[in-house]
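Written out below as structure tokens is the structure these notes cover.
Coordinate-derived values only; no laboratory data. Not measured: the values here are computed from a predicted model. Using ideal geometry, Cβ is built from the backbone for each residue, glycine included, and neighbour counts are taken over all protein chains shown.
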Amino acid sequence: MRQSSALDILKTGQNVFLTGSAGSGKTYTLNQYIDYLRARRVPVAVTASTGIAATHMNGTTIHSWSGIGIKDELTDRDLSTLSRKQFLADRLKDTAVLVIDEISMLHAKQLNLVSQVLKHIRKNDKAFGGIQVVVAGDFFFSYHRLAVKVRRIVKNLRLCLMRGSMPSSIFATCLSSIVKSAMQPMVVWT
């Protein structure tokens with residue numbers, strides 16, 4: 001898929017998983033979308049799973065942005081504490097689009113925590129508090145195995161959606177938290 005086509009899909013407001021091999025233009029496409037949103041004054045949170053990846057987009061880590069830090073779980077007390085941090089609550093309430101680059105480096109538990117925090121602070125039970133979520137990353141690591149892995153992933157994802165079971169691959173495990181939360185992302189390959 002061309003980057004311009006991927007950008008058109010992002011502009012529809014759907015939740016999107018943007019993927020492709022290294023150097024295919026995922027971060028470039030994300031930056032184009034971020035520029036598009038900012039030009040229209042749409043509040044966008046630019047994050048990544050690592051600090052290095054975040055610097056490529058002038059963003060921050062998802063851990064810092066969401067307030068989860070290095071936690072693996074959040075108690076009701078933790079959520080209450082986070083909601084009392086006015087700067088954090090305002091930031092999360094004001095966000096319309098959340099971009100997370102290098103999603104392959106983020107554990108499914110942490111992705112669920114981000115959704116949990118957004119639901120709590122935004123008082124919205126939809127996945128990620130109802131905001132558009134755009135995640136990007138490369139779960140394939142080598143282009144020559146891409147087609148085989150894509151077929152297996154799509155098959156596992158379909159089975160997951162039909163039966164509600166968790167597929168075993170790393171990609172599907174990460175995305176299962178999104179699917180189980182009813183995010184239902186559109187998968188876009190660049």
Cα-centre dipole for the range 1-98 with unit charges at Cβ (Lys and Arg positive, Asp and Glu negative), debye to 20
300
Going by the alpha-carbon gyration tensor, a ≥ b ≥ c the square roots of its eigenvalues, is the range 27-130 rounded (a/c under 1.5) or, if a/c is not under 1.5, prolate (a/b greater than b/c) versus oblate?
oblate
Pull up the cross-link candidates among the aspartates and glutamates for LYS11, meaning alpha carbon to alpha carbon under 12 Å and not fewer than 8 places away within one chain.
ASP35
With a 24 Å threshold on alpha-carbon distance, the violating pairs from LYS26/LYS71; LYS71/LYS126; LYS85/LYS123; LYS26/LYS119; LYS71/LYS123 are LYS26/LYS71; LYS26/LYS119
Can you list the aspartates and glutamates whose alpha carbon is less than 16 Å from that of LYS93, not counting same-chain residues fewer than 8 positions off?
ASP125
Percent relative contact order of the range 30-81, based on C-alpha pairs within less than 8 angstrom and at least six residues apart?
22
Arrange the peptides 40-52, 81-93, 126-138 so that the one whose residues have, on average, the most other Cβ atoms within 10 Å appears first.
126-138, 40-52, 81-93
